[in-house]
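Just so it is clear, none of the values below were taken in a lab; they were calculated from the coordinates. This is a predicted model, so every value here is computed, not measured. Every residue, glycine as well, gets a Cβ built from its backbone with ideal geometry; the counts of neighbours run over all protein chains shown.
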Amino acid sequence: MPTSPQSPHLPFGDNIHTPWYGKDILSVKQFDRKDLDYIFGVAHEMHGMVDRIGTFDLLKGKILANLFYEPSTRTSSSFHAAMERLGGSVIPINNVKFSSVSKGESLADTVRSLECYSDVIVLRHPEMGSAKIAAAAASKPILNAGDGVGEHPTQALLDLFTIFSELGEGEIDGLTVTMLGDLKYGRTVHSLARLLTLYDVKLNYVSPDILKMPAEVMEDVAEKGIPQAEYASLEEILPETDVLYVTRIQKERFENPADYKKVADEFIIDPEMMQLAKEQMIIMHPLPRVNEITTDVDSDPRAAYFRQMEYGLYVRMALLAMVLGKA
Ligand code: NCD
């Protein structure tokens, strides 16, 4: 929630007139194309600064509370690294078992407490809608780092920045993006499909029958007039794909573990499959990967998933600087 300019608690020296000052980032629905140009511009600057000087003092004295109720490697450490690269510091809460959450504290009370010690809160939580609840309770910015099977907006921003950077600025219009894997429980594809509707793209969905893209996401995409189609096999759609976005089957979200076993290895990308793909295609994956891309694909120049993680650092630096009034 934005801090009111009249607030007696307004931190000294913040530029409250920057457009993103004090804002939450909860859903990709809050962005338009102009916002993305702005974010990517700042992310690009951050990349240059990291290359040139590594760490600098843009957010000196600022504190991030990194509150993770679900496992995370990349999202938590990239936000942590982003804050440190900007000269700020971090309260990492990666294991809520050791916090008052295990004593039964509500999410609202936890964020209200953490904002007394910090300037911004990054939250990952297993329930859809939790980021919104936290934002209603807090007066400092909340950045949604994944709310159950809901959204993962900062991941979608870094995904789009990856496409932007890998395939060339302005080239998103006209692309065919194929999403593969667990489209039902994968929050990254829910956010990315919605964000891509800001561009003139074509979306293909390939998944096991029980893991199709949810109707509400498909309705949002249809409402924007973006063509989308579902396929049961990757082979028929791979030759025309520009971006192949692969996801892990979200084992932990299955009600019945036997169902997971049935679909676990239904789609696997290997060098043989890659022969069907365009020379200029990129393969992305939010990671972690399980079996869905074989490791011998990693050396293929089209494998962009590790580069994608690096782009994430610059996007998260940009977002932190923006909501703290420094960009
Ligand atoms: C994803 C997530 O947590 O939704 N990971 C990530 O943030 N990079 C994808 C996943 O867990 O499969």
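Run the numbers on the chain and let me know its relative contact order in percent, using alpha-carbon pairs under 8 Å that are six or more apart. Please list the in-between numbers first.
Working: 614 pairs, mean separation 70.0, N = 327.
Here the relative contact order equals 21 percent.
What net charge is computed for the residues neighbouring L86, neighbours being all others with C-beta under 11 Å from the C-beta of L86, Lys and Arg scored +1, Asp and Glu -1?
Working: positive: K60, K62, R85, R316, K326; negative: D57, E84.
So the environment of L86 carries a net charge of +3.
What list do you get for M317, M83, M213 if you sort them by fewest beta carbons within 10 Å?
By the 10 Å Cβ count, ascending, the order reads M213, M83, M317.
So for the chain, taking the charge dipole from beta-carbon charges (+1 Lys/Arg, -1 Asp/Glu), which of V111, L26, I293 sits furthest toward the positive end?
My answer, from the dipole projection, is V111.
Starting from 0.36 nm per residue, how many nanometres of slack lie between K251 and A232 once their C-alpha separation is accounted for?
Separation in residues times 0.36 nm, less the Cα-Cα distance, equals 4.8 nm.
Evaluate the charge dipole of region 154-309 about its Cα centre and quote only its size in Debye, nearest 20, assuming +1 on the Cβ of each Lys and Arg and -1 on the Cβ of each Asp and Glu.
Value, rounded to 20: 480 debye.
Which of T188, T55, T162 moves most in a GNM of the chain, Cα contacts under 10 Å?
So, out of T188, T55, T162, the one fluctuating most is T55.
Hey, quick one: spin label on R302, modelled 7 Å out along Cα-Cβ, who in region 165-185 has an amide N within reach, i.e. under 14 Å?
Correct set: 176-179.
Using Cβ counts within 10 Å as a stand-in for footprinting exposure, how do V101, V217 rank, fewest first?
The most exposed by this proxy come first: V101, V217.
Rank these for me by crowding, H285, H17, H47, going from fewest to most other beta carbons within 10 Å.
Numbers: H285 24, H17 8, H47 19.
Ascending number of Cβ neighbours within 10 Å: H17, H47, H285.
Mind checking the angle between helix 74-85 and the chain's longest principal axis? C-alpha axes, 0 to 90 degrees, to the nearest 10.
40
Run the dipole for the chain about the Cα centre, Lys and Arg Cβ at +1, Asp and Glu Cβ at -1, nothing else charged, and hand back the magnitude in debye, nearest 20.
The dipole of the chain has a size of about 1360 debye.
Which one, A277, Q250, N204, is farthest towards the positive end of the dipole of region 154-309 when Lys and Arg carry +1 and Asp and Glu -1 on their Cβ?
With unit charges placed on the Cβ atoms, the residue in question is Q250.
What whole number of Å gives the distance from the Cα centroid of region 142-195 to the Cα centroid of region 107-137?
Cα centroid of region 107-137 versus Cα centroid of region 142-195: 23 Å apart.
Pop out the ³J(HN,Hα) list for region 234-248 in order, Karplus 6.51 cos²θ - 1.76 cosθ + 1.60 with θ = phi - 60°, rounded to Hz; leave Gly and Pro as x.
Once rounded to whole Hz, the list reads 7, 3, 6, 10, 4, x, 9, 7, 9, 10, 9, 9, 9, 10, 7.
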